Amino acid sequence: MANPTIKDSILIYHNVGEALRLLKKRMTDLSLTEYMSEVEEIDNDYRIMCGCLAHNMRDPQGEIVYNHLLRRTFRLYSNVRLASIVKKRLPFIRCANVAKRFDASDESVGKSLENYVQETAMASLTLGDMPNTSVARINAIHQRYMDELFSALLVSNQWSEDNKRFYSELLVSPTVDQDDVSLILSALTMALLNVFDVNKWLVLVHVYANSTIESVKQRALVGAMLTLPHGETSLYPEITETVKSLCQSTDARREIGELQLQLFLCMQTEEDNAEIQRDIMPTLIKNNKFKMTRDGIVESDEDSLNDILDSDSVDKNMAEMEDKMKKMMAMKDSGSDIYFGGFSHMKRFSFFYQLSNWFAPFSFDNPDVASVLKGENGDIIRKAIAQGPFCDSDKYSFVFALASVIDKLPASVKEVVASGKGIADSAVDVNTESAAYIRRMYLQDLYRFFKLHSERKDFANPFERKNDEIAAFFIGNELFDGLLHEELLVVERHLFKSKKYEDVERLVSRLVAKGIATDDEKLLCALTYLRLGRIEDAYSLFKELQANGYDALRVQKGLADTLFALRRYADAAECYKKLLAADPSNRRYILCHSLALVNSGNVKDGLADLFRLDYENGNDVDVKRIIAWGYLVDCKPDDAERVYDWIVKSDKVADTDWLNCGYAKFVLSKTAEATQCFKRFADLNNAADAREVLEKEFANDWDTLAKNGVKGFEVKLILDVVADR
């Protein structure tokens with residue numbers, strides 16, 4: 001076994017002595033002297049415990065004292081880890097330099113934040129021409145202060161109980177600006193993603209549970225869930241208790257489930273963007289003779305005369321363009337981040353050189369924004385931005401991009417921009433005050449930072465997998481086991497529907513093993529096992545559900561499919577027969593029942609229903625596929641070949657059709673044709689080694705081949721022929 005890390009020594013093995021030895025070595029390697037006195041102090045206390053035990057003195061409170069030493073050691077380890085990050089990564093180095101000259105004491109921070117609210121209120125009441133100038137000056141000073149506070153918080157050491165108490169009260173106080181609170185929450189989230197601190201994390205949960213401002217609550221929830229700890233719970237039982245307390249609230253459980261689904265959508269942003277670039281944008285570019293106006297999409301004047309005699313073409317192009325626009329809007333309505341691709345190219349403005357600006361709530365009072373919103377053009381930009389369904393980061397991008405070109409725009413285009421019609425239409429029926437909308441916008445801000453910031457590699461990314469864990473898949477944390485109910489099932493079903501079977505297994509199999517899975521979850525787990533090839537495990541769960549009397553029809557269907565996968569064809573046929581009794585016209589049940597009968601050797605009964613279906617619809621490839629296989633099982637290769645020849649010429653041919661067609665021709669000694677079929681099958685399966693993939697298939701179907709007179713040595717020969725040996 002590999003030597004344990006410092007973290008493992010503390011959290012897994014609870015070995016203070018080993019952790020201190022490793023920690024001293026790490027500090028020496030890093031030339032860290034800042035924490036030497038602290039490590040020596042902990043080491044002395046540990047040696048005293050060892051000495052007492054060596055002199056026959058067993059402290060009745062020894063376990064409590066030892067656990068306290070573990071927590072002290074972990075705090076020290078976390079500070080050392082942060083120090084090592086600060087030594088190596090440029091963004092943290094810059095933040096540390098800011099923090100050195102910044103007064104981050106609780107008293108100073110509280111006073112500065114509260115003074116800002118008072119000063120802006122007083123300045124706005126000033127008469128004459130002074131208010132705007134005065135407020136702008138105050139905002140500029142405060143913006144610099146908040147950027148420094150953000151930097152200081154990002155590299156702050158482990159918090160004390162006093163720090164936790166102070167920020168818990170400060171961030172829910174009505175005397176502090178809510179935008180300031182939001183930025184602080186982002187700073188804590190970024191700090192926690194890189195180095196966990198139980199007191200910072202508890203502050204996030206406290207703010208979510210106690211704030212009355214929705215934008216603040218949701219930002220705190222996102223931060224708390226993305227930084228949810230794992231092994232740290234062994235040292236800090238308050239984490240487990242906090243999660244339990246949180247999940248007692250129906251609203252909290254619902255929002256936790258909704259957030260997880262939103263994160264899944266967030267993680268597929270690049271896939272959605274690729275789809276837009278591949279399937280939607282080419283149509284919009286192709287039809288660039290159309291233009292967007294305040295009244296919708298219209299044909300440009302220079303092309304209208306040319307197309308007047310070809311109105312069908314115009315109508316077709318217009319319909320195609322509108323369909324693509326509708327598709328893109330449908331993606332947006334389902335939660336997809338359709339604006340990522342466009343705005344990803346607008347993050348090079350100097351505004352984004354400042355780290356905290358990536359997380360700042362959008363404000364027209366922001367000094368950088370206010371400086372470009374002057375005069376008539378400023379009013380136009382304000383109107384355009386005000387109605388945009390964009391995240392804060394993209395709103396800042398939009399302001400600076402529009403400000404850089406607006407002087408060059410024709411008056412007619414400015415009119416369209418000022419109307420905000422196209423933008424407003426895309427935001428119809430969107431409740432921008434809802435918790436779900438607020439979360440989605442903030443997640444987009446976070447996603448843009450971790451995908452687009454020039455120094456993003458220096459930060460722990462919650463959207464990327466690390467050590468087989470991904471922070472954005474937080475609901476898989478064992479802390480939630482047994483605490484989420486329908487909310488978890490909704491997430492599990494979403495993953496199953498999205499064919500993320502490994503993730504479903506990760507969520508549900510642990511609950512099944514612990515004996516706390518619901519019957520709904522057991523069914524989902526059984527279906528997942530079936531798709532992952534864990535057939536025996538699926539069968540055991542289906543039998544358990546059957547014994548419990550759970551949803552007889554769905555369990556019967558699952559059992560039938562599982563028995564078929566286990567090659568227990570006669571038993572599978574009986575199960576499908578019961579399903580047909582409940583739903584005689586179900587096409588899938590008919591096909592599966594027939595195939596199970598055929599594979600069990602009862603070809604005559606198996607083909608009876610299929611001949612009827614083939615008579616009613618002679619073009620049904622699925623029916624013909626089973627009939628052809630039935631002929632092979634029944635040793636009628638001529639009939640099988642005739643049907644397979646028809647199938648492989650159809651537009652619904654499957655890769656296995658080429659394999660089975662090859663079987664029929666091989667049996668009929670049409671070796672050259674069989675070889676071509678087998679090669680086609682291997683190619684369709686992207687087989688690097690055609691022999692290997694075919695050898696497996698021949699083994700699976702050996703009983704049928706042997707019945708048709710194929711000899712073992714012939715299989716070896718044909719495999720070498722296919723492999724060109």
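Just one residue in the set M36, M1, M49 is buried (at least 16 other Cβ atoms within 10 Å of the Cβ), at pLDDT below 95 and hydrophobic (A, V, I, L, M, F, W, C); that residue is M49. Against the test of being modelled with pLDDT of 80 or more and of a type in the set (D, E), the options D365, D323 yield a single qualifying residue, D365. Every listed requirement among (1) under 21 Å from A654 (Cα atoms); (2) without any contact (Cβ under 8 Å) to a residue 12 or more places away in the chain is met by K679 save one, (2). Those residues that are open to solvent by 50 Å² or more (accessible area, probe 1.4 Å), without any contact (Cβ under 8 Å) to a residue 60 or more places away in the chain and not in a helix (DSSP H, G or I), I need them from the stretch 621-660; list them, please. Of everything in the stretch 621-660, those that are open to solvent by 50 Å² or more (accessible area, probe 1.4 Å), without any contact (Cβ under 8 Å) to a residue 60 or more places away in the chain and not in a helix (DSSP H, G or I) turn out to be D634, K636, K649, D651, K652, V653. Looking for something touching a His at 6+ places or on another chain (Cβ under 8 Å) and modelled with pLDDT of 95 or more - is there at least one such residue anywhere in the stretch 559-574? Yes, that holds for at least one residue. Only residues that are under 16 Å from K707 (Cα atoms), of a type outside the set (A, V, I, L, M) and buried (at least 16 other Cβ atoms within 10 Å of the Cβ) were counted in the stretch 663-685, giving 3. Of all the listed residues (A123, A83), the sole one being among the hydrophobic types (A, V, I, L, M, F, W, C), part of a helix (DSSP H, G or I), open to solvent by less than 20 Å² (accessible area, probe 1.4 Å) and modelled with pLDDT under 95 is A123.
Condition test on V135, is it open to solvent by less than 30 Å² (accessible area, probe 1.4 Å), at negative phi and either over 39 Å from the mean Cα position of the chain (by Cα) or of a type in the set (V, I, T) (or both)? So V135 does not fit the description; no.
A single entry from L263, L183 fulfils the requirement of being crowded, with 24+ Cβ neighbours inside 10 Å and not polar (S, T, N, Q): L263.
Restricting Y13, Y35 to those that are in contact (Cβ under 8 Å) with a residue 24 or more places away in the chain and of a type in the set (F, W, Y) reduces the list to Y35.
Residues in the stretch 470-495 that are of a type outside the set (A, V, I, L, M) and open to solvent by less than 40 Å² (accessible area, probe 1.4 Å): F473, F474, G476, N477, F480, D481, E487, E492. For the stretch 538-554, a residue qualifies if it is surrounded by fewer than 19 Cβ atoms within 10 Å (Cβ to Cβ) and either in a helix (DSSP H, G or I) or in contact with a Leu (Cβ under 8 Å, 6 or more places away or on another chain) (or both), and the qualifying residues are S540, K543, E544, Q546, A547, N548, Y550, D551, A552, L553, R554.
Scanning the stretch 86-98 for residues that are open to solvent by 30 Å² or more (accessible area, probe 1.4 Å) and not charged (D, E, K, R) yields V86, L90, I93, N97. In the stretch 564-577, the residues that are without any contact (Cβ under 8 Å) to a residue 12 or more places away in the chain reach residues that are assigned to a helix (DSSP H, G or I) and surrounded by 16 or more Cβ atoms within 10 Å (Cβ to Cβ) with C-beta atoms within less than 8 angstrom, at least six apart or across chains, in these pairs: D571/L563.
State all residues of the stretch 28-57 that are of a type in the set (F, W, Y) and either in a helix (DSSP H, G or I) or in contact with a Pro (Cβ under 7 Å, 6 or more places away or on another chain) (or both); if no residue qualifies, say none. Listed by number, the list holds a single entry, Y46. Just so you know, in the stretch 374-389 the residues that are in a loop (DSSP other than H, G, I, E, B) and open to solvent by 20 Å² or more (accessible area, probe 1.4 Å) include one that is farthest from D458 (Cα to Cα), and it is K374. Scanning the stretch 405-443 for residues that are over 35 Å from the mean Cα position of the chain (by Cα), closer than 20 Å to F343 by Cβ and at pLDDT 75 or above yields V405, I406, L409. Figure legend. Inter-residue proximity from the stretch 712-725: first residues open to solvent by less than 70 Å² (accessible area, probe 1.4 Å), second residues in a loop (DSSP other than H, G, I, E, B), beta-carbon distance below 8 Å, spacing 6+ or different chains. Indicated pairs: A723/D689. Does the stretch 96-104 contain any residue that is assigned to a loop (DSSP other than H, G, I, E, B), within 30 Å of M27 (Cα to Cα), acidic (D, E) and modelled with pLDDT of 95 or more? Yes; the residues of the stretch 96-104 include at least one that is assigned to a loop (DSSP other than H, G, I, E, B), within 30 Å of M27 (Cα to Cα), acidic (D, E) and modelled with pLDDT of 95 or more.
To keep it simple, each residue is scored yes or no on (1) touching an Asp or Glu at 6+ places or on another chain (Cβ under 8 Å); (2) under 24 Å from S650 (Cα atoms); (3) open to solvent by 30 Å² or more (accessible area, probe 1.4 Å).
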| residue | (1), (2), (3) |
| --- | --- |
| L559 | no, no, no |
| T562 | no, no, no |
| R567 | no, no, yes |
| D571 | no, no, yes |
| E574 | no, no, yes |
| L579 | no, no, no |
| A582 | no, no, yes |
| N599 | no, no, yes |
| N619 | no, yes, yes |
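The values are calculated or read from the model by the stated rules, or taken from the named source; none is laboratory data. Here the structure is a predicted model, which is why all the values come from computation and not from measurement. Here the Cβ is made from the backbone with ideal geometry for all residues, glycine too, and neighbour counts use every protein chain on show. Note: areas computed on protein heavy atoms with side chains; ligands, DNA, RNA excluded. Shrake-Rupley method; radii C 1.70, N 1.55, O 1.52, S 1.80 Å.
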